[in-house]
Amino acid sequence: MNTATNEDKSLEPASDQGSQAFYHGTKADLKPGELITPGFNSNYGKRKEAAYVYLMATLDAATWGAELALGDGPGRIYMVEPTGPIEDDPNLTDKKYPGNPTKSYRTRSPLRVIGEVIKWQGHSPEQLNSMKEHLERLKQLGIEAIEE
């Protein structure tokens with residue numbers, strides 16, 4: 001993946017991203033060809049309307065998304081294709097981790113579902129509980145989990 005500029009850290013549109021695989025973790029039941037778009041309530045923070053949709057280039061990061069998403073259904077991980085430019089997710093990059101080791105991105109453009117990862121390994125109950133407790137502590141401290 002090539003960076004468009006050092007200023008905005010945007011990546012080239014989907015057609016120029018080569019064979020990079022991207023994933024989106026959620027509890028929504030989606031089918032190939034459907035679009036995941038901004039504008040719905042976020043799963044995190046104050047649950048305000050999300051200006052971005054998030055995608056990851058690692059299954060581990062997508063697994064967290066599937067496990068932590070709100071809703072009653074099972075967590076799901078979809079293979080997605082961005083339809084426009086993507087940028088590093090500031091929630092998981094330089095402010096918390098130097099660079100972008102989780103390979104997490106966001107976009108204002110829809111993501112096209114191209115398939116579903118059926119077999120994936122969730123985190124241990126201890127890891128999941130620890131993450132949920134951490135997110136709850138942030139919430140109690142008034143720290144917004146999502147930067148828009």
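Whenever a residue of region 126-148 is more than 15 Å from THR63 (Cα to Cα) and part of a helix (DSSP H, G or I), its partners that are modelled with pLDDT of 80 or more and aliphatic (A, V, I, L, M), lying with C-beta atoms within less than 9 angstrom and at least six residues away or across chains, give the pairs LEU135/LEU68. Considering region 76-99, the residues that are under 19 Å from GLU133 (Cα atoms) and crowded, with 18+ Cβ neighbours inside 10 Å include one that is modelled with the highest pLDDT, namely ASN91.
Just to check your reading of the model, which residue among THR58, THR37 is touching a Ser or Thr at 6+ places or on another chain (Cβ under 8 Å), at pLDDT 90 or above and surrounded by fewer than 17 Cβ atoms within 10 Å (Cβ to Cβ)? After ruling out the rest, the residue left standing is THR58.
Can you name the residue in region 40-55 that is farther than 19 Å from ILE114 by Cα and hydrophobic (A, V, I, L, M, F, W, C) and, of all such residues, is modelled with the highest pLDDT? Looking at residues that are farther than 19 Å from ILE114 by Cα and hydrophobic (A, V, I, L, M, F, W, C), I get ALA51. Taking the criterion of being in contact with a Ser or Thr (Cβ under 8 Å, 6 or more places away or on another chain) and either among the hydroxyl-bearing types (Ser, Thr, Tyr) or farther than 20 Å from GLU67 by Cα (or both), the only residue of region 23-34 that qualifies is TYR23.
Taking the condition outside any loop (DSSP other than H, G, I, E, B), over 12 Å from the mean Cα position of the chain (by Cα) and either of a type in the set (Lys, Arg) or at pLDDT below 85 (or both), does SER19 pass? No; evaluated as a whole, the condition is false for this residue.
The values are calculated or read from the model by the stated rules, or taken from the named source; none is laboratory data. Predicted model only: the values in this text are computed from it and were never measured. Glycine also receives a Cβ, built like all others from the backbone with ideal geometry; neighbour counts cover every protein chain displayed.
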